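Beneath this line is the structure, given in structure tokens, with notes to follow.
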Amino acid sequence: MTSPIRSASPHPAIVFAVIFVAIFLLHLPLLQLPYFWDEAGYYIPAARDLWLSGSLIPHTTVSNAHPPLVMGWIALWWKCVGYAPVVTRSAMLMVAAFSLLGVFRLAERAANLQVAIASTLCTALYPVFLVQSSLAQVDLAAAGLTFWGLSAYLDERPFAVAIWLSLAALAKETAILAPVALAAWEILGLLMPKREALQGLWKRADGVDTGRAARPARRVVSLLVPLLPLTLWYTYHYSRTGYVFGNPEFFRFNVAATLNPWRFLLALSLRLWQAFGYLHLWVLTVAMLLAMFLPPIKDDGIDRPRITIPVQLIFLVVVTAYVVAMALIGGAVLARYMLPAVPLVIIVAVSTLRRRLRYWSAAVLAVAVAFVVAWFWNPPYGFSPEDNLAYRDYVVLHQDGERFLEARYPMEHALTAWPASDELTRPWLGYVTRPVQVVRIEDFSLEEVLSAAEFRSHFEVALVFSTKYEPAHPMLDRWKAWENLKRRFFGFHRDLPPAAAAQILGGRVVFSEERKGQWVAVIEMEQSEIQNAEGMSDVPAYRCIKWQECVLITSHTSRPGASCSESREARVRWTSVSTLHFTRAETIISRCSSEVMRPGITLRALSPTGGAVASSMSPARIPTRSAEPTPPRTSGVSSSTGPPSPAIRQVMVPRWGLTVSTTASKIFSKPTS
């Protein structure tokens, strides 16, 4: 039976059109920006591979096993309209508008039309949601489809629940958390004693018992159906790559390295802050808590209605699932991972304000203003630039620095770190017009820059930048215990300022720019320093070799030296998939190692499936990719007088440094058998 409130609801198409036009106008100055961070590192290359070759498994970047729904959506628009950042960002704004429509319908179903309008406005203006609306990433799409699934769940439409939540899981694998948590909640309702006080927790807003009377088995099944398409995707991914949950380094970073009780407690506190207080969300949370001390407002002698306790518990189950799960897994504690939970908090808070404050609309307006201020105001602690408009500062800085480098040093080798290494070597990301040869280090900490200084003859210029945002006067700056915990569990480091990096590298700063705590600089190496470094490389070839340059022809090679600890491993696994690419690899032996390698050593070719280990190449192999066409292949291993030319070089430098020695290059190819 349709309620009077819902009959007065505007048509969904009209709501979608209003939302899309509003957020499109808000993002108009951002639509032409090049791709940022994880966009450039994974999602855009994966979508581009799907667009150009139809492959669901990316081959120009290492696969992280993310389901391909969002990449397919982007590739579809590129095929229909053309490849350009404005097309990508417009397509993602459509996803954002659809997600906000899901928030609107969910809030209207849980409360009423007024709460729906206010909740949708606050969600759209929340800084993390606003920025993610135009970025080519998967978290917002997964959140939006989850909202549609929750709306169908409250409406008792099991088939729609299964469809929406399955699509959410195919947008991002972590979206499976909501249906699994709700299925567990339903099963708990079935197992609870038949007491009216307890069974009332599983009643729907209109009084229908959703725990027992309304076909609970069908409801549980609809919540578990999303496991099927996600399982099929992982099966397909395993059949193509040999890995289920992405490449080993991705799995280690996001799962294996996070299973520590102390890290879990720290991450849990951060997740709670992101769900209830991050970037002025605390203004809404505090207002809600204060309003709870006031009696409900009466309309015509009747208390204003609230969101029913069963619906609030459903929201609480989903929020709790995300807070706990995202504290347990995920190497980077990013706020965008909490997007499925934050709008649920906003809906409950706005409903509480409307029920207990006579001028609740003024309170909501104050919250909206606080969110807008957070677009431009950076907090007094480290945060991810992708959480507000600081990401635009990052992109503009890198545009300026890399255009300067390309114009002044077009043929030089540039030392830099990721993601600038991808920005310089892939013109289709929008930063440069042609590839720049790159020597890659992990970051610009003191240890990494000192290591790079020992082989300065391999580059003539350096592009250095802030890899982490650091405020001018950070909170807890003098608390060394907190900094040590961040270093241990969250990969914290401090980047050297440009002047210090230039002094260590033996160069001078020729370009520098700074915006609100972020900076970029170009350092030109002094010729005398380069000549001195080249002189140090004249060592006998049969001494303990610290450097051996090789070339591998494989389907595709992942980036195993993504961390210093990985570079120290004696065996590194490689990944290969369908399309052939050149790879220049460096074999590095630490100074504390006693292993001796000779130029004539035989190194094993890689397996076509990518599941094998190049076991003779030890202790570390640091690969990069080149977009150059591949020459005819031969079976097994053969010698060569030099590497294919030209090849774009990216070298990961281990923390302890390295020494160059002259060795013969080798060429490897995938066996024809």
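List of remarks:
- The residue that is least open to solvent (accessible area, probe 1.4 Å), among those in segment 453-467 that are part of a loop (DSSP other than H, G, I, E, B) and within 11 Å of Tyr394 (Cβ to Cβ), is Ser466.
Each row is one residue, and each column tells you yes or no for (1) open to solvent by 20 Å² or more (accessible area, probe 1.4 Å); (2) over 26 Å from Leu389 (Cα atoms); (3) touching a strand residue (DSSP E or B) at 6+ places or on another chain (Cβ under 9 Å).
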{"residue": "Asp38", "(1), (2), (3)": "yes, no, no"}
{"residue": "Ala47", "(1), (2), (3)": "no, no, no"}
{"residue": "Val81", "(1), (2), (3)": "yes, yes, no"}
{"residue": "Arg109", "(1), (2), (3)": "yes, yes, no"}
{"residue": "Ile117", "(1), (2), (3)": "yes, no, no"}
{"residue": "Val131", "(1), (2), (3)": "no, no, no"}
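- Here Val367 passes the criteria (1) open to solvent by 10 Å² or more (accessible area, probe 1.4 Å); (2) over 28 Å from Lys486 (Cα atoms); (3) part of a helix (DSSP H, G or I) except the one numbered (1).
- Glu156 being more than 19 Å from Arg336 (Cβ to Cβ), part of a loop (DSSP other than H, G, I, E, B) and either of a type outside the set (D, E, K, R) or touching a residue at least 24 places away in the same chain (Cβ under 8 Å) (or both): yes
- Condition check for Tyr394: in a helix (DSSP H, G or I) and touching a helix residue (DSSP H, G or I) at 6+ places or on another chain (Cβ under 9 Å): yes
- Test result for Ser512, small (Gly, Ala, Ser) and in a strand (DSSP E or B): yes
- Single unsatisfied condition, Pro34 versus (1) within 13 Å of Trp428 (Cα to Cα); (2) crowded, with 20+ Cβ neighbours inside 10 Å; (3) touching a Leu at 6+ places or on another chain (Cβ under 7 Å): (2)
- Verdict on Arg304 being basic (Lys, Arg), under 26 Å from Ala171 (Cβ atoms) and either open to solvent by less than 50 Å² (accessible area, probe 1.4 Å) or modelled with pLDDT of 95 or more (or both): no
- Close pairs from segment 516-539: first at pLDDT 90 or above, partner of a type in the set (Lys, Arg), Cβ under 7 Å, at least 6 apart: Ile523/Arg508; Glu524/Arg508; Met525/Arg456
- The numbered conditions (1) open to solvent by less than 40 Å² (accessible area, probe 1.4 Å); (2) modelled with pLDDT of 95 or more; (3) farther than 30 Å from Thr352 by Cβ are all true for Asn247 except (2).
- Checked against (1) open to solvent by less than 30 Å² (accessible area, probe 1.4 Å); (2) assigned to a helix (DSSP H, G or I), Arg440 passes all but a single condition, namely (2).
- For segment 214-237, the condition of being modelled with pLDDT under 85, part of a loop (DSSP other than H, G, I, E, B) and surrounded by fewer than 19 Cβ atoms within 10 Å (Cβ to Cβ) holds for at least one residue.
The values are calculated or read from the model by the stated rules, or taken from the named source; none is laboratory data. No experiment lies behind these values; they were computed from the predicted model shown. Cβ coordinates were reconstructed from backbone atoms using ideal geometry, including for glycine residues, and neighbour counts include every protein chain displayed. What goes into the accessible areas is simple: the full protein's heavy atoms, side chains included, and nothing from ligands, DNA or RNA. Shrake-Rupley method; radii C 1.70, N 1.55, O 1.52, S 1.80 Å.
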